[in-house]
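In what follows, a structure is listed as structure tokens, so that the remarks can point back to it.
Every number in this text was worked out from the coordinates using simple rules, so none of it is lab data. Model, not experiment: these values are computed from the prediction. In this analysis, Cβ positions are derived from the backbone assuming ideal geometry, glycine residues included, and neighbour counts consider all displayed protein chains.
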Amino acid sequence: MGHGVRVRATIAATLAFSVALAAGAWFVVDRQRSALTADLETTVRLRADDLGAALAAGELPESVAVPVEDRAFAQIVDGSGEVVRASPNVEGEPVLASFAVPTSGYVAHPVEIGALSDTAFTVVGRQVRSGPSVLSLYVGASLEPVDESVRELGTTLAIGAPLLLLMVAALTWVVVGRALRPVDEAAARERRFVADASHEMRSPLTGMRAQLEVDLAHPETADWQATEREVLDETLRLQRLVDDLLVLARAEAPVDRPQRELVDLDDLVLKGVRRLRVRGKVRIDAGAVHPVQVVADPDALTRVVHNLLDNAERHGRGEVVVTVQENGSHVEVTVTDDGPGVPAERRESIFERFFRSDDARSRDRGGAGLGLAIAQQIVTAHGGTLTLEPTHAGARFVVRLPS
């Protein structure tokens, strides 16, 4: 799914950028042509002003010079339409620009002049009164320099645009990939979670079904009381698993913050200690449990304490040490067992859902592997941390909560 989204996002971004780039390139080329044409027209008008000033003074020049004869021309036309003076490159030519000129001001038109060039000219026309005569003045310049500049700009854009598109595509691919990586990882975790949950729930159901089918097939040898006890045990284990899954689902759901209150953390921990002492499987050292209060959800913290103590009882060989103390801006709860501990390479996995250490894989000793995941989820929701810290023997879990 993530790969398909990444491909579609890259294609969409590239197409959108290509449209924007094409529109931008057209705009730039159009503005470049307009600006160069305006500059050329200004140059032609200035030359026309010079000639107009001379004519207005009553002088008819013997020759009309233009700056670049192969790319410019000038003609002076009398009232009958005859050319009376012209630049050397168009001498003997008829009137090259036939459009009417205003009695005042200027007019400019693009004109094709095949006698000079295949490229159009921008021609400025104006009337000038020279003594008793009214003369029309036409001054033009080739648009070839404009076309050359526009072609060069277009070539540059044509070469640069594909490179920019490749850069945008590559950048989008990388950025979308990084953005989707957490989503892909989350999706993979959810798929693994569903698969593990299905397996964990299928196991007790399969056991119960098998036992019942055997007893029904051979009722004469069936021990129904033993079967009922086994089915009840599997049902209770299945119920605990469902309860744990619901806790995880609620902890991860985007709901309002649960009601929190001032909790005597030491009392809550000591209740959990008494619960383990009643079972009598391990010795509990709670001599370092000091009075501490935190603002928290008491039911959620009770589950954290129970999960940590149950985990220590399951893995400890004979003793579990519990401490509660205030440490600066936070409070600490530690639960240490004297069991085999957790190898360094597996410490990152200890809080994953359905994780069980090698010595806890049997159904009677190990749980479903959700206790530590639930505890960490709850502690994190309270703004704290739950970590497994190195110790010389066994395992030492540390809960830190804001005080």
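One table, with the values for the structure above:
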{"read-out": "Candidate values (1) 19.1; (2) 39.3; (3) 26.2, label of the one derived for mean projected area of the Cα convex hull in nm²", "value": "(2)"}
{"read-out": "Estimated inter-spin distance, A161 and E261, nm [label 7 Å along Cα→Cβ]", "value": "7.0 nm"}
{"read-out": "Additional length obtainable on full extension of the chain from H218 to E82, 0.36 nm per residue less Cα span", "value": "36.1 nm"}
{"read-out": "Contour minus Cα-Cα distance for W173 and H392 (0.36 nm per residue)", "value": "74.1 nm"}
{"read-out": "Coil-residue GluC sites (Glu not before Pro) of segment 27-131, DSSP, other Cβ within 10 Å capped at 15", "value": "E59, E62, E69, E82, E91, E112"}
{"read-out": "Amide H contacts of V263 (H built 1.01 Å from N, under 5 Å, at least 5 apart or other chain)", "value": "V294, V295, A296"}
{"read-out": "Other-chain or far-sequence residues with amide H under 5 Å of R283's (modelled H)", "value": "E319, V320"}
{"read-out": "Loop GluC sites (Glu not before Pro), segment 204-236 (other Cβ atoms within 10 Å of the site Cβ: 16 or fewer; DSSP)", "value": "E220"}
{"read-out": "Debye, to nearest 20: dipole size of the chain, +1 on Lys, Arg Cβ, -1 on Asp, Glu Cβ", "value": "1540 debye"}
{"read-out": "Placed amide H near I113: partners under 5 Å, 5+ positions off or other chain", "value": "F121"}
{"read-out": "Two-site FRET efficiency, R151 against L46, from Cβ-Cβ distance with R₀ of 41 Å, rounded to 0.05", "value": "0.95"}
{"read-out": "The chain: DSSP helices with Cα axial extent of at least 27 Å and average Kyte-Doolittle hydropathy no lower than -0.5", "value": "2-56, 144-217, 224-252"}
{"read-out": "Per-residue HN-Hα couplings for segment 337-349 [Karplus 6.51, -1.76, 1.60; θ = phi - 60°; Hz; x = Gly/Pro]", "value": "10, 9, x, x, x, 10, x, 4, 6, 10, 5, 6, 8"}
{"read-out": "Proximal charge balance of R85 [Cβ under 10 Å; K/R count +1, D/E count -1]", "value": "-3"}
{"read-out": "Sites R275 and A23, calculated FRET efficiency, Cβ-Cβ separation with R0 41 Å, nearest 0.05", "value": "0.05"}
{"read-out": "Extended-chain gain in nm, criterion 0.36 nm per residue less alpha-carbon gap, T37 and A16", "value": "4.4 nm"}
